[in-house]
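Notes for the one structure printed next.
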Amino acid sequence: MKYIPRRAGIGVSVLVLLCLASMASAGMAQRPRHQPPAPAYPWMKANLSPDQRAALVLKEMTLDEKIAMIHGVGMPTDDPLTPENALSNRGVGYSAGVPRLGIPGIDMSDAAYGVRSSGVNGRYSTALPANVAAAASWDTDAAFEYGALIGRELRAQGFNMSLGGGVDITREPRNGRTFEYLGEDPVLAGTLVGRLIEGTQSAHVIGDIKHYAFNDQESGRTSVNVNISKRAARESDLLAFEIGVAQGHPAAVMCSYNRVNGDFSCENNNLLNEVLKKDWKFPGFVISDWGGTHSTEKASAAGLDNEEPGNFFYGAPFKAAVQSGKIPMTELDDHVRRILRSMFAAGVIDYPRQRSVVDPFAGMEIARKIEESGIVLLKNERATLPLNAAKLHTIAVIGSHSDVGMISGGGSAQVDPIGGNAIMPPGKGATHWQEEIWFPTSPLKAIQARAPQAQVKYDPGTDPASAAAAAKGADVAIVFAYVWESEGEDLPDLSLPHHQDNVIAAVAAANPHTIVVLETGSPVTMPWVKAPAAILEAWYGGSDGANAVGNVLFGTVNPSGKLPNTFPLSEADLPHPTITMPPPESEHFASPASPDQWAKGLPPFQVTYDEGVKVGYKWYDAEKKPVLFPFGFGLSYTSYKYSALQVTPGQTVKVTFTLANTGARAGAEIAEVYASLPAAAQEPPKRLVGFSKVKLDAREKKTVTVEIDPKYLSIFDEAKDGWTLLPGDYTIMIGGSSQELPLKATISLK
């Protein structure tokens with residue numbers, strides 16, 4: 001069986017995709033349909049709890065059936081058709097069910113920002129904006145819609161489990177998967193991933209949350225050992241997971257590749273048993289990342305419930321360990337019970353999958369609206385934006401294949417674009433692992449459509465002199481710049497590749513009306529920041545990103561996104577200016593020769609998070625380091641005023657204030673609530689404790705109330721092994737970014 005520490009890329013059947021897309025209609029949309037299960041089985045009574053139903057099934061299962069449920073059968077996407085995977089949907093993972101008892105198998109697909117395995121299935125999938133773009137919207141309702149769309153499209157394609165839900169916070173912004181995650185703050189990230197999971201599971205699909213925990217860099221991810229204190233762990237990444245688990249109720253948690261304080265995450269008793277299952281009372285099952293299992297007895301005792309994608313450790317070795325008494329039957333039963341319980345809780349048994357055709361038009365609209373709400377306006381001198389089409393005669397569009405498409409994030413998150421990779425010849429645009437894939441959503445065409453009377457010319461942006469010549473004399477020059485990211489590798493730095501910094505500088509020097517549109521998944525440095533008149537962060541825009549960008553540029557949409565990650569001035573200002581890279585012996589092996597080799601793993605190398613709780617903006621605040629753009633920052637085409645703050649202590653601290661739109665156009669303001677703790681807490685100067693996205697018409701004002709969870713005001717006390725709210729003075733601060741907080745009030749808590 002082939003084992004790899006990452007999931008391989010897939011191709012696209014373009015003609016089939018196009019035919020299916022053209023067939024889609026509102027009446028054929030992928031809504032779950034209820035099909036009452038056969039009443040012969042007592043566990044099919046829907047009035048019983050998921051725990052009761054799981055217990056009834058478990059009593060009827062044989063040892064072999066139990067063993068089959070706790071591991072995968074390979075990677076159906078890549079493996080030949082076999083009796084084991086014949087019932088699968090040919091996704092990236094499959095665990096067998098128990099047909100004689102009416103229990104289906106679990107068909108899994110990667111689904112970070114859309115369903116990945118569509119090409120293999122001859123289907124179409126909507127590519128949503130990258131997860132980080134959804135985080136930039138700070139919109140809990142949009143997060144739910146994000147997950148719900150993915151859930152519906154999973155069901156339509158025959159899957160019943162999502163492998164999305166990434167929430168590792170941004171300790172290392174050069175991480176190749178930053179675009180898959182939800183920012184640097186645990187309250188923001190945890191709240192949004194909880195809503196995303198709720199949305200996914202509303203479609204009767206098993207949702208998960210990943211990568212548990214501290215999978216914060218891709219370099220040497222299968223061998224790195226993360227060293228971190230208990231307090232720092234609980235107040236950073238683990239707090240994001242804790243919030244996501246509590247609010248989203250995911251059916252599954254995916255443990256990560258890396259080691260944490262000496263043990264692999266997928267056999268880490270503290271992470272899986274002590275924190276997740278005992279402290280957080282998580283009732284679902286723990287699934288390994290692909291190839292992330294390294295043992296049988298240790299992993300089982302530590303709380304790993306399901307090995308994927310195959311059965312190195314949870315197949316025959318597990319059965320032998322049970323038969324010999326090395327693993328108690330009760331331990332095996334707990335693994336199986338958790339899986340069954342999750343299947344009942346998510347509805348995959350009561351609501352069997354029914355393939356249908358994805359409605360691409362509905363998906364495109366949702367993707368566009370989320371992208372519009374996540375685009376961040378970083379700079380807008382002299383009210384350059386929004387553009388007035390009636391006053392434009394010539395427009396220069398420059399760079400980043402903006403004539404044909406927009407970049408997407410790579411790796412297991414990659415969604416197959418309908419029609420194939422936009423920068424390849426027709427019929428040659430299949431997706432491949434760690435290859436730049438451009439969605440066929442053309443900024444050039446979107447701009448032409450919004451300024452039909454203007455002459456719009458295009459320059460590829462590969463030569464600074466040519467780009468400057470194209471920009472000179474134009475009424476406005478719009479430069480599209482990008483950074484491609486992918487699972488499996490980290491960025492070398494935070495600069496724009498391919499000499500794009502030089503292109504932007506040259507264009508801005510040639511035309512004072514230069515606008516820069518960034519397509520990135522991480523913060524970038526900007527040595528040219530003072531030169532252009534306006535800067536937009538558009539992230540990875542998804543299937544309809546070009547129209548979203550066009551609507552913001554021309555003012556159909558008022559930008560409301562705010563940064564979920566700090567943009568530093570340079571890598572020198574990061575807690576770790578250089579990524580710790582694996583030595584050659586810890587780099588990788590393509591495929592282990594034996595279970596013994598895989599069990600041993602690669603020699604570990606050490607990464608120590610000695611910055612502790614100071615992650616993201618908390619680091620820059622504590623170290624008094626200036627930044628390029630702060631966490632929570634984002635401009636608008638209107639203006640807002642905060643006033644009348646009232647803070648009321650109680651079981652939860654209630655914060656009430658007035659928010660007014662003082663401008664002439666409607667907009668949405670993200671009101672951010674921060675708190676500083678008593679000096680005895682020894683915490684950074686402030687932390688995010690709440691937020692609310694408020695829609696306001698022109699000149700409208702609203703009273704806004706945000707309730708603060710006491711845990712968000714607490715510290716994790718290692719001596720007590722629990723959260724503690726210290727007595728003392730707490731300052732509550734309200735405003736539009738982490739560095740613009742006009743309202744402040746101090747309260748005393750006992």
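Worth pointing out:
- Check on residue 350, in a helix (DSSP H, G or I), touching a residue at least 24 places away in the same chain (Cβ under 8 Å), among the acidic types (Asp, Glu) and surrounded by fewer than 23 Cβ atoms within 10 Å (Cβ to Cβ): no
- Filtered residue count, region 701-739, keeping only those that are in a loop (DSSP other than H, G, I, E, B) and more than 23 Å from residue 376 (Cβ to Cβ): 9
- Considering region 271-306, the residues that are out of contact with any strand residue (DSSP E or B) (no Cβ under 9 Å at 6 or more places or on another chain) and of a type in the set (Gly, Ala, Ser) include one that is surrounded by the most Cβ atoms within 10 Å (Cβ to Cβ), namely 300.
- Residue within region 220-243 that is of a type in the set (D, E, K, R), under 15 Å from the mean Cα position of the chain (by Cα) and farther than 29 Å from residue 684 by Cβ present: no
- Only a single item in (1) within 19 Å of residue 235 (Cβ to Cβ); (2) not in a strand (DSSP E or B) is not met by residue 691, and it is number (2).
- Among the residues of region 396-417, those that are buried (at least 23 other Cβ atoms within 10 Å of the Cβ), of a type in the set (A, V, I, L, M, F, W, C) and over 15 Å from residue 485 (Cα atoms) comprise 396, 397, 398.
- Subset tally (residues that are small (Gly, Ala, Ser) and either closer than 17 Å to residue 220 by Cα or surrounded by 12 or more Cβ atoms within 10 Å (Cβ to Cβ) (or both)) for region 591-602: 3
Residue-by-condition table, conditions (1) under 25 Å from the mean Cα position of the chain (by Cα); (2) outside any helix (DSSP H, G or I); (3) in contact (Cβ under 8 Å) with a residue 40 or more places away in the chain:
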residue: 589; (1), (2), (3): no, yes, no
residue: 593; (1), (2), (3): no, yes, no
residue: 596; (1), (2), (3): no, no, no
residue: 599; (1), (2), (3): no, no, yes
residue: 618; (1), (2), (3): yes, no, yes
residue: 621; (1), (2), (3): no, no, yes
residue: 625; (1), (2), (3): no, yes, yes
residue: 628; (1), (2), (3): yes, yes, yes
residue: 632; (1), (2), (3): yes, yes, yes
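- Residues of region 200-222 that are crowded, with 24+ Cβ neighbours inside 10 Å and under 30 Å from residue 350 (Cα atoms): 200, 201, 203, 205, 206, 207, 208, 209, 210, 211, 212.
- Check on residue 405, within 29 Å of residue 470 (Cα to Cα), at pLDDT 90 or above, within 24 Å of the chain's Cα centre (by Cα) and not polar (S, T, N, Q): yes
- Inter-residue pairs, beta-carbon under 6 Å, first assigned by TED's automatic domain parsing to the domain that holds residue 365 and in region 435-455, second among the charged types (D, E, K, R), 6+ apart: 441/544; 444/403
- Of all residues making up region 258-270, the number that are buried (at least 23 other Cβ atoms within 10 Å of the Cβ) and among the acidic types (Asp, Glu): 1
- Condition broken by residue 581, with the remaining ones in (1) assigned to a loop (DSSP other than H, G, I, E, B); (2) surrounded by 24 or more Cβ atoms within 10 Å (Cβ to Cβ) satisfied: (2)
- Tabulated pairs, region 497-517, first acidic (Asp, Glu), second buried (at least 18 other Cβ atoms within 10 Å of the Cβ), C-beta under 7 angstrom, 6+ apart or interchain: 501/528
- Exactly one residue among 212, 181, 257 is assigned by TED's automatic domain parsing to the domain that holds residue 72, touching a Cys at 6+ places or on another chain (Cβ under 6 Å) and either at positive phi or not hydrophobic (A, V, I, L, M, F, W, C) (or both), and that residue is 212.
- Residue match in region 288-296 (condition: within 30 Å of residue 711 (Cα to Cα), in contact with a helix residue (DSSP H, G or I) (Cβ under 9 Å, 6 or more places away or on another chain) and not polar (S, T, N, Q)): yes
- Neighbours by Cβ (under 7 Å, 6+ apart or cross-chain): first from region 666-680, of a type in the set (Phe, Trp, Tyr); second assigned to a strand (DSSP E or B): 674/687; 674/688; 674/689; 674/733
- Single condition residue 663 does not satisfy, out of (1) assigned by TED's automatic domain parsing to the domain that holds residue 737; (2) at pLDDT 95 or above; (3) assigned to a loop (DSSP other than H, G, I, E, B); (4) closer than 29 Å to residue 717 by Cα: (4)
Each row is one residue, and each column tells you yes or no for (1) in contact with a helix residue (DSSP H, G or I) (Cβ under 9 Å, 6 or more places away or on another chain); (2) within 23 Å of residue 491 (Cβ to Cβ); (3) in the same structural domain as residue 490 (by TED's automatic domain parsing).
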site	(1), (2), (3)
103	yes, no, no
114	yes, yes, no
117	no, no, no
142	yes, no, no
150	yes, no, no
160	yes, no, no
175	no, yes, no
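- The criterion of at least 3 residues that are touching a Ser or Thr at 6+ places or on another chain (Cβ under 9 Å) is met by the following helices (runs of 4 or more DSSP H) wholly inside region 404-514: 443-450, 500-510.
- Number of residues in region 506-545 that are small (Gly, Ala, Ser) and closer than 20 Å to residue 633 by Cα: the value is 7.
- For region 603-626, the set of residues classified as of a type outside the set (D, E, K, R), buried (at least 20 other Cβ atoms within 10 Å of the Cβ) and on the phi < 0 side of the Ramachandran plot consists of 607, 609, 613, 615, 617, 619, 620, listed by residue number.
- Residue in region 596-618 that is under 24 Å from residue 518 (Cβ atoms), among the aromatic types (Phe, Trp, Tyr) and outside the structural domain of residue 171 (by TED's automatic domain parsing) present: yes
- Here 64, 110 are screened, and the one residue that is crowded, with 23+ Cβ neighbours inside 10 Å, out of contact with any Pro (no Cβ under 9 Å at 6 or more places or on another chain), in the same structural domain as residue 318 (by TED's automatic domain parsing) and not basic (Lys, Arg) is 110.
The values are calculated or read from the model by the stated rules, or taken from the named source; none is laboratory data. These figures come from a predicted structure and were not determined experimentally. Neighbour counts run over all protein chains shown; Cβ positions are idealised from the backbone, glycine included.
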